[in-house]
1. Under the √(5λ) rule applied to the eigenvalues of the Cα gyration tensor, what semi-axes describe the equivalent ellipsoid of the chain? Give them in Å, descending.
2. Reachable lysines from LYS71, Cα under 28 Å, same-chain residues fewer than 8 places away excluded?
3. Which value in deg cm²/dmol, rounded to the nearest 500, describes the helix-derived mean residue ellipticity at 222 nm for the chain, given -39,500 (n - 2.57) per DSSP H run of n ≥ 4 and division by the residue count?
4. Let a ≥ b ≥ c be the square roots of the eigenvalues of the Cα gyration tensor of region 11-50; is it rounded (a/c under 1.5), or, if not, prolate (a/b larger than b/c) or oblate?
5. Suppose a student asked you for the relative contact order of region 11-50, using Cα pairs under 8 Å spaced at least 6 residues apart; what percent would you report?
6. By count of other Cβ within 10 Å, fewest leading, how are VAL40, VAL73 ordered?
7. Return ILE11, ILE41 ranked ascending by Cβ neighbour count within 10 Å, so the fewest neighbours appear first.
8. Taking only Cα atoms, what is the 0 to 90° angle, nearest 10, from helix 28-50's long axis to the longest principal axis of the chain?
Amino acid sequence: ELTRNLHEDMIVKHEDNQLVVERPSDSKEHRALHGTTRSVINNMVEGVTKGYEKALELVGVGYRATKTGNKLVLSVGLSHQV
């Protein structure tokens, strides 16, 4: 279960297996809050259903990356691993 405090002016309803975000007026501030609220909720749902993944590309000479368990270990020419 995810929880998030949203702006008090935004109205979020659960209708027909969908979350609906409504704004009290068409002012510039409320339109911006509406878009932000919708995006935050969308990112929460997507993060729970699809997870998060980021592909990294190391470019250069002498750099090495290894996966140790659930950690990424980088050797970037320093005296110790990062």
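1. Details: eigenvalues 364, 51, 22 Å².
Sorted largest first and rounded, they come to 43, 16, 11 Å.
2. Those lysines meeting the cut-off are LYS50, LYS54.
3. Working: 1 runs with 23 residues, N = 82.
About -10000 deg cm²/dmol.
4. Numbers: a/c = 4.62, a/b = 1.60, b/c = 2.90.
It comes out oblate by the Cα gyration axes.
5. On the way: 21 pairs, mean separation 9.7, N = 40.
Relative contact order for region 11-50 comes out at 24 percent.
6. Details: VAL40 15, VAL73 12.
Result, fewest neighbours first: VAL73, VAL40.
7. Numbers: ILE11 13, ILE41 17.
Ranked by crowding around the Cβ, least crowded first: ILE11, ILE41.
8. The helix 28-50 is inclined about 50 degrees to the chain.
No lab work stands behind these numbers, since they all come straight from the coordinates. Owing to the predicted nature of the structure, the values given are computational and were not obtained by experimental measurement. Positions of Cβ are backbone-derived with ideal geometry, glycine not excepted, and every protein chain shown enters the neighbour counts.
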